[in-house]
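Visitor: One structure is given below, represented as structure tokens, and several questions about it will come after.
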Amino acid sequence: MIVGAGPAGLVAAAAATAEGLEVTVVDERLAAGGSVDGALGASARDPDAAWLMPPLGARDAANGRIERLRERATAATLLTDALVWGLFPGWTLAVTRGGRTRRIDAAQVILATGSYVARPPFIGHALTGVLTPLGLARALEEGRIAAGARVAVLGDDAFADEIAETLTERGAAPVALLAERPRPSPHPVLVLAAPSVARGGERLETLDLELVGGERATLDVEWLVIAGPRSVASELAHMAGCDHRFDGYEAGFRPVRGRDGATSVAGIFVAGSLAGAQGYDASERSGAVAGLAAAVRAGRAPAERLEALLADAPPASAPPPARIPLAYRAVDAASTDVACHCIGTTFADVAAVVKGGARSIDDVKRQAKAGMGPCQGRDCHRTVVRLLATVGDVDVATLRPMRTRPPVRPVTARAMFEEPDIEKHEVSA
């Protein structure tokens, strides 16, 4: 079983089927293609849209590349528009598709679940009008962003340029790109010296900015799109019991893995963003390695081939120094701003339980309820880490991720429990 039909998942499927493994690939989108570095592939409702697919300004080429990957993986069974909401020992995956759940039993699982953009915790980040890329996709599809709407984009890389270009094509009026570092861009870039402050009543109206060089600016905007940072989507790896480590405020918790993508749990491999890959080439390579490693473990390929593939890898570059984004550097323990969107827990609520003795993310979850909502801490876990570090003087290297329980995303009780809606489908090695 492979969860995720992005570049890493599709290449893993091609590599595993080439060795004679029976492979099923599951993806929650309507079409294979997935995302790379947080960019959306096929939209939530239109499988042909692919309107935010990199590589950066070359969408036709990107879509052609994905099509070639699909062709390489045609020997695998592909289930799209299907949500994997549970991974249980054995390995059994709970997959909901079309309102029905099927249990899929697999000898091995490759997790290529990618990454997602979470809202960083600046003041006013919970106002209506502050969107992640997925929220932007749905707002555009539903026609909620009118022609001429004033929009700002927050992000430090060219993905922000892609979003601004998309907004321009859809008739909106991008006001500026907000970044922490200067960089070349076809759009005006305002370099921040402090986190943005979003203001408004029930919805966003203005952004107050402190810029490098001591300047200040106020932007009248209706929408703010967050293009980063991106967390790895490691919930299923948590559920499987894989060891994790905190890989910085931009990535969050990432599974500990070997060079072949093998995790601490036998039979569970990771590829793509979960394996530290960034961009198309690295994602495809990690997929090829994980697919071949699964074949070696199943006795279908010699270990020497895997060793040769690993030996042929480009030299590993030193990871960039861990960076704390502005929004996390400025987390205020006294603030009554929202830290957990789902529950409404504030920064002050979290800080209070840390001062009272909470020393782990699960301690905070039990006492302050942060992370108990339907997203299970996707948005707030890095804020909790920051407050544990600053208020509780906790070494972040000692922290473990919030416990993830099924379902990893909301599904209906009908889909989960009604006997007529449950099938069993076995996939052998």
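The values are calculated or read from the model by the stated rules, or taken from the named source; none is laboratory data. A quick note: this is a predicted structure, and the numbers were derived from the prediction, not measured. Cβ sites come from the backbone with ideal geometry, for glycine too, and all protein chains shown count toward neighbours. Just the protein is used for accessible areas: all its heavy atoms, side chains included, with ligands, DNA and RNA removed. Shrake-Rupley method; radii C 1.70, N 1.55, O 1.52, S 1.80 Å.
Visitor: Considering segment 388-405 alone, what residues qualify as being closer than 23 Å to A233 by Cβ and in a loop (DSSP other than H, G, I, E, B)?
Guide: Correct list: L399, R400, P401, M402, R403, T404, R405.
Visitor: Looking at L274, is it open to solvent by less than 30 Å² (accessible area, probe 1.4 Å), out of contact with any helix residue (DSSP H, G or I) (no Cβ under 9 Å at 6 or more places or on another chain) and outside any loop (DSSP other than H, G, I, E, B)?
Guide: no
Visitor: Out of the residues in segment 366-380 that are open to solvent by 20 Å² or more (accessible area, probe 1.4 Å) and touching a residue at least 24 places away in the same chain (Cβ under 8 Å), state the one that is nearest to A118 (Cα to Cα).
Guide: D379
Visitor: Among residues belonging to segment 186-202 that are small (G, A, S) and not in a loop (DSSP other than H, G, I, E, B), point out the one that is least open to solvent (accessible area, probe 1.4 Å).
Guide: This residue is A198.
Visitor: Something else: Only one of (1) of a type in the set (A, V, I, L, M); (2) closer than 30 Å to A176 by Cβ; (3) in contact with a Leu (Cβ under 9 Å, 6 or more places away or on another chain) fails for V289. Which number is that?
Guide: Going through the list (1) of a type in the set (A, V, I, L, M); (2) closer than 30 Å to A176 by Cβ; (3) in contact with a Leu (Cβ under 9 Å, 6 or more places away or on another chain), V289 breaks only (2).
Visitor: Would you call D379 assigned to a loop (DSSP other than H, G, I, E, B) and either farther than 26 Å from V191 by Cβ or not basic (K, R) (or both)?
Guide: So D379 passes the test.
Visitor: Restricting attention to segment 32-47, report how many residues are modelled with pLDDT of 65 or more and open to solvent by less than 20 Å² (accessible area, probe 1.4 Å).
Guide: Number satisfying all stated conditions: 3.
Visitor: Would you confirm, using the coordinates I've provided, whether R359 is open to solvent by 40 Å² or more (accessible area, probe 1.4 Å), within 30 Å of A294 (Cβ to Cβ) and either among the hydroxyl-bearing types (S, T, Y) or touching a residue at least 24 places away in the same chain (Cβ under 8 Å) (or both)?
Guide: no
Visitor: Moving to a separate point now. Would you confirm whether any residue within segment 75-90 is touching a Phe, Trp or Tyr at 6+ places or on another chain (Cβ under 7 Å) and either part of a loop (DSSP other than H, G, I, E, B) or open to solvent by 10 Å² or more (accessible area, probe 1.4 Å) (or both)?
Guide: No, because not a single residue in segment 75-90 is touching a Phe, Trp or Tyr at 6+ places or on another chain (Cβ under 7 Å) and either part of a loop (DSSP other than H, G, I, E, B) or open to solvent by 10 Å² or more (accessible area, probe 1.4 Å) (or both).
Visitor: So if I check each of R144, R170, R183, R102, which one is open to solvent by 20 Å² or more (accessible area, probe 1.4 Å) and closer than 24 Å to G276 by Cβ?
Guide: So the residue among R144, R170, R183, R102 that is open to solvent by 20 Å² or more (accessible area, probe 1.4 Å) and closer than 24 Å to G276 by Cβ is R183.
Visitor: If you don't mind, another one. For the list (1) within 18 Å of the chain's Cα centre (by Cα); (2) surrounded by fewer than 21 Cβ atoms within 10 Å (Cβ to Cβ); (3) farther than 23 Å from G86 by Cα, I need the number of the one condition that V256 fails.
Guide: The number of the failed condition is (3).
Visitor: Suppose we keep only residues that are of a type in the set (D, E) and open to solvent by 80 Å² or more (accessible area, probe 1.4 Å) within segment 203-221. Which one would you say is farthest from S115 (Cα to Cα)?
Guide: Top of the filtered list is E215.
Visitor: Restricting the search to segment 173-228, which residues are within 27 Å of the chain's Cα centre (by Cα), within 18 Å of Y328 (Cα to Cα) and of a type in the set (D, E, K, R)?
Guide: Answer for segment 173-228, where residues must be within 27 Å of the chain's Cα centre (by Cα), within 18 Å of Y328 (Cα to Cα) and of a type in the set (D, E, K, R): E180, R181.
Quick grid of which residues meet (1) touching a Leu at 6+ places or on another chain (Cβ under 7 Å); (2) among the hydrophobic types (A, V, I, L, M, F, W, C); (3) touching a residue at least 40 places away in the same chain (Cβ under 8 Å); (4) over 15 Å from V338 (Cβ atoms):
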site: R183; (1), (2), (3), (4): no, no, no, yes
site: R199; (1), (2), (3), (4): no, no, yes, no
site: W223; (1), (2), (3), (4): yes, yes, yes, yes
site: G228; (1), (2), (3), (4): no, no, yes, yes
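Visitor: Given the condition crowded, with 22+ Cβ neighbours inside 10 Å, in contact with a helix residue (DSSP H, G or I) (Cβ under 6 Å, 6 or more places away or on another chain) and either touching a residue at least 60 places away in the same chain (Cβ under 8 Å) or not hydrophobic (A, V, I, L, M, F, W, C) (or both), answer yes or no: does some residue in segment 335-347 qualify?
Guide: Yes, segment 335-347 contains at least one residue that is crowded, with 22+ Cβ neighbours inside 10 Å, in contact with a helix residue (DSSP H, G or I) (Cβ under 6 Å, 6 or more places away or on another chain) and either touching a residue at least 60 places away in the same chain (Cβ under 8 Å) or not hydrophobic (A, V, I, L, M, F, W, C) (or both).
Visitor: Among the residues that make up segment 97-110, is at least one of them in a helix (DSSP H, G or I) and closer than 21 Å to R29 by Cβ?
Guide: The answer is no, given that none of the residues of segment 97-110 is in a helix (DSSP H, G or I) and closer than 21 Å to R29 by Cβ.
Visitor: Any residue in segment 255-266 that is on the phi > 0 side of the Ramachandran plot sitting within a Cβ distance under 8 Å of a residue that is not aromatic (F, W, Y)? List the pairs, counting only those 6 or more apart or interchain.
Guide: Pairs found: G261/I110; G261/V270; G261/A271; G261/A275; G261/S286; G261/V289; G261/A290; G261/A293.
Visitor: Scan segment 147-157 for residues that are surrounded by fewer than 21 Cβ atoms within 10 Å (Cβ to Cβ) and not in a loop (DSSP other than H, G, I, E, B) and report the count.
Guide: Counting residues in segment 147-157 that are surrounded by fewer than 21 Cβ atoms within 10 Å (Cβ to Cβ) and not in a loop (DSSP other than H, G, I, E, B) gives 1.
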